[in-house]
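Each remark here refers to the structure printed beneath this line.
The values are calculated or read from the model by the stated rules, or taken from the named source; none is laboratory data. Computed from a predicted model, the values in this text were never measured in an experiment. Every residue, glycine as well, gets a Cβ built from its backbone with ideal geometry; the counts of neighbours run over all protein chains shown. Ligands, DNA and RNA are excluded from the accessible area calculation, which covers all protein heavy atoms including side chains. Shrake-Rupley method; radii C 1.70, N 1.55, O 1.52, S 1.80 Å.
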Amino acid sequence: MIGASAVGGAFARGAHRLRVVTRVAPCLWVLGVICWELLTPHDTEVVPLLAAAPAIACASSGRRGYILLLGGASLLCALAPPTPLEPDGDVEEPHAGLVTCCAIFAVVVATYLGNGRRLRLIRELEQLRAVAAAAQDVVLRPLPARLEGIELAGGHLSASRGAVVGGDLYEALATPYGVRVIIGDVRGHGLPAIGTVAAVLGSFREAAHEEPRLTGVLRRLDRALERHLRARASGECPPDSPVDEEFVTVLLLEVGPDGEVTALNCGHPWPYRLHEQPVGPAIARQTDPGEVLPPLGLFPLPAEPPAAHWSALGAGDTLVLHTDGAEDARDAHGTFFPLRRALSEAAGPGPLVPTAVVEGVRSALLSHTGGRLADDVALVALRYDRCPLSAPTALPLPAADAGRN
């Protein structure tokens, strides 16, 4: 990824510096206590502060060997004989060194055992993250690079920290009726919306292959969402949960073999159409809006949902589908994200590359918002590059074969 690689490199360098500082900090603490002890008056006892060194090592490095090393060094310093600057006669409490050693030993044991529990929790957290990442990939799986002459790319940004999947959804499938694409946005964002996302995507992945008409797919999605919300309201949600107000905006597309596009829109933003330019950035225009239905889950569908039919896509034409989180994103001054301009700049001159378009818009979006998203964002780019084939012509037979016929 273009933008994430640069940001990730900066974070990696900063993390490396932080690790170096945290590993040196316990040693600096021990040296500081020793110097303080040598330079302070004889009636001031600062050696007990050495007991904090193992605790600092546990909080910074977390390595058990490092904790034992710092603990042993602190015990040796506490048991060291008085220096010429500190004669024996000035020590009024003969048992002070023993008490300090006992305190250091107790801290070492406590931090050693606590660090063992910390390491076990870290391993469990890593396992849970691996399981969560696998589950999220199943719900919102990566798009194929190519389907039936269409080049694809998709990207998603979740408003919840640590989550890959949120309230946005998308999928593209090659079916006997053409390439069918869905993009949607569940009310709300983040982890609470994943259940609804899974229900809608599961229904689409089955209905897209079975329903000959796009309206049939939409009805299957509506029924699946209704069953999901009814199941949640029956016992999985608390009584005061606003399940009745939950809805999903959906945009369904069907791209035929000849490039014709059929669309059904239920409260979702219309996509942009990019045209390649040999010189200068690509031209981004919003597709001709048709009739928009209410989002799924609010009202019953009409008997015949109105479908929009667009002119056939030419070779190189690209459709960019998005959720409203892209257009509604704001910076610190409240300025909305300029999606149309970002699309043109990300596409650039020459042939359009869906992956570059998605990555360019994502980088511009993160730069505009400073990485603070108020809503989930999903992007899908489809580049039509299927060239129509001419009718096959009969090849002349060789003379020898023609004579046999």
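Rounded to the nearest 0.05, what FRET efficiency do Ala233 and Glu206 give with R0 = 22 Å and r taken as the Cβ-Cβ distance? Could you check? List each step's numbers first, then the result.
Working: r = 23 Å, r/R0 = 1.07.
My answer for the efficiency is 0.40.
Between Arg223 and Leu39, what length in nm is gained on full extension when 0.36 nm per residue of separation is reduced by their alpha carbon distance?
Taking Arg223 through Leu39 to full extension adds about 58.3 nm, to one decimal.
Quick one: ranking Phe105, Phe204 by accessible area, 1.4 Å probe, largest first, what do you get?
Details: Phe105 125, Phe204 0 Å².
If we order Phe105, Phe204 from most to least accessible, we get Phe105, Phe204.
Express in nm, to one decimal, how much length is gained between Val138 and Leu31 on full extension, taking 0.36 nm for each residue of separation and deducting their alpha carbon distance.
Stretched fully, the Val138-Leu31 segment lengthens by 33.2 nm.
Can you give the FRET efficiency to the nearest 0.05 for Arg118 and Glu148, using r as the Cβ-Cβ distance and R₀ = 60 Å?
On the way: r = 52 Å, r/R0 = 0.86.
Once rounded, the FRET efficiency stands at 0.70.
Please list, by residue number, every one of the trypsin sites (Lys or Arg not before Pro) in the range 113-183 that is coil in DSSP and has at most 13 other beta-carbon atoms within 10 Å.
Arg161
Can you give me the solvent accessible area of Cys77 with a 1.4 Å probe, rounded to the nearest 10 Å²?
Counting only protein heavy atoms, Cys77 exposes about 50 Å² to solvent.
With each pseudo-label sitting 7 Å past Cα toward Cβ, what's the Gln277-Asp385 distance in nm, one decimal?
2.1
What does the charge count around Leu274 come to, taking other residues whose C-beta lies under 12 Å from its C-beta (Lys +1, Arg +1, Asp -1, Glu -1)?
+1
What distance in nm separates the two pseudo spin-label positions at Leu125 and Arg372, each 7 Å out from Cα along the beta-carbon direction?
Placing both labels 7 Å along Cα→Cβ, they lie 2.4 nm apart.
Specify whether the C-alpha gyration tensor of the range 249-351 places it in the rounded, prolate or oblate class, a ≥ b ≥ c being the square roots of the eigenvalues: rounded for a/c under 1.5, otherwise prolate if a/b is larger than b/c and oblate if not.
Verdict is oblate for the range 249-351.
Please list Ser363, Ser311, Ser234, Ser74 from largest to smallest accessible area, probe radius 1.4 Å, with all protein chains kept in place.
Ser234, Ser311, Ser363, Ser74
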